[in-house]
1. Quick one: pull the percentage of alpha-carbon pairs in segment 37-102 with a separation above 20 Å.
2. Quick check: the angle from helix 361-377's long axis to the longest principal axis of the chain, C-alpha only, nearest 10 degrees?
3. For a quick check: sort 53, 489 by the number of other beta carbons within 10 angstrom, fewest at the front.
4. So for segment 402-517, averaging the separation of alpha carbon pairs under 8 Å that are six or more residues apart and normalising by length, what relative contact order in percent results?
5. Could you sort the peptides 253-262, 36-45, 366-375 by per-residue average Cβ neighbour count (10 Å cutoff), highest mean leading?
6. Give the peptides 494-505, 423-434 in descending order of average Cβ contacts within 10 Å, highest first.
7. What Kirkwood hydrodynamic radius, in Å, does the chain give when the mean of 1/r is taken over all pairs of distinct Cα atoms and then inverted?
8. Once both labels are modelled 7 Å past Cα along the beta-carbon direction, what's the residue 206-residue 36 spacing in nm?
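Throughout, read-outs are computed from the coordinates displayed, never taken from laboratory work. For clarity, every value in this text was computed on a predicted model and none was experimentally measured. A quick note on method: Cβ atoms are made from the backbone with ideal geometry, for glycine too, and the neighbour counts reach across all protein chains shown.
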């Protein structure tokens, strides 16, 4: 567990991956997946985990409660629950986080003209709601955060009034959100400096922590967040990989590594263990079915790649020529697993633990079986291969509605591509079906659709290799949407056979869709059978 220490130059990392990040289209997570990500965020060293919006749904409440109990220890991060500035939300948020050693209620109210109009209230009524909401939150919880939503488009005089009321009623953190990604770095810095200096009871030395929460609609979220740090802000609200609504939020890894790399400029520090960044990025990417673009700063596949001859020559002579940080700084290693097909479970478990994975019991047996199969196919198994295997096992749980058992595909230039899949439903019933399609993946997906009768549209299909070489593991992420529904669901799969990876990812997305929408038993009626689909 990361040892967290604080002083005037410490930047508090408030991670909202499980709340704002999960609001990304297709990023729906189960309670178990949220818990696993929360565990990794704790290993990463974040100071606060915003575990969810407890009033949003019973499942969100249960997830926040579980994270509060299991992750919110005295040595762990604070656990926050989001709530509108209304009584029912605040009570539900407290119900979610109260089991944590360091609980926090984060309440908000829209303060811009458009948000006040949406709520059908005037400015004075808004101040009254802030007053009653923060007062109630403070009566339940010592640590209260208040956010004037859409602060970037709120007039500064009203922002000062709103923040002053919140502090007067007990708020200990004031978070200023650029909810729609509207502001420019220089004007944002000036606004934050003005608020810190002019808000009664919240100036330097008051003990009130000032925070920012920036969205990336104009690509300025990280720039705006860093601008705030130069003017006295000491908490940043961020997400892993910058995920979030619309164009996303401020990226945790970008802010943390900017502070780390430019120590002489910012003279600030964080409690983040940067060597855990890459692992956390992969975990979030795989669980949410949201791949990271190759040129993404810090965690993209090309972040430490050099193709230009001049760049390659410079890096070979001195890495600092073109690299301002090392791959090892963010946990990216090229080390090879010193294990082979003759290695045992104990050696595998030890190596997984070194990589930060606590895998035991049946889960270890499943990963060990996959490892042995892969070791038979590859000359060397890398740490990246192992991480992909663990992620794949975690993405396909025994409680899933449907599980892929076997698949066989026939394709080529002669005849129609044909796929046969064997699957198990939640009752353990075996179902075997066949289908034809325009290619091996299309045929496989058509066969799955005959088993899982959940009409949907395939929105995204992404493939990439975990390592180099023709024998590399292939990772696939997909995104689907139910017919006549705006919601989307992601899935992830990894295997040495790219068709198998593709089907695993599709089945994972379908299982999420079924669970989220409560579609129940989607298997065809009757005995298990082999079904053929005509070319039409």
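1. On the way: 425 of 2145 pairs.
Distances greater than 20 Å cover 20 percent of the Cα pairs.
2. Computed tilt is about 60 degrees.
3. Numbers: 53 24, 489 28.
In increasing order of surrounding Cβ atoms, one gets 53, 489.
4. Values: 259 pairs, mean separation 21.4, N = 116.
Result for segment 402-517 is 18 percent.
5. Numbers: 253-262: 20.5, 36-45: 22.2, 366-375: 18.5.
My ranking of the peptides, most packed first, is 36-45, 253-262, 366-375.
6. Details: 494-505: 22.3, 423-434: 16.1.
Peptide ranking by packing, descending: 494-505, 423-434.
7. Working: mean 1/r = 0.0404 Å⁻¹.
Evaluated over the chain, this radius sits at 24.8 Å.
8. 4.3 nm
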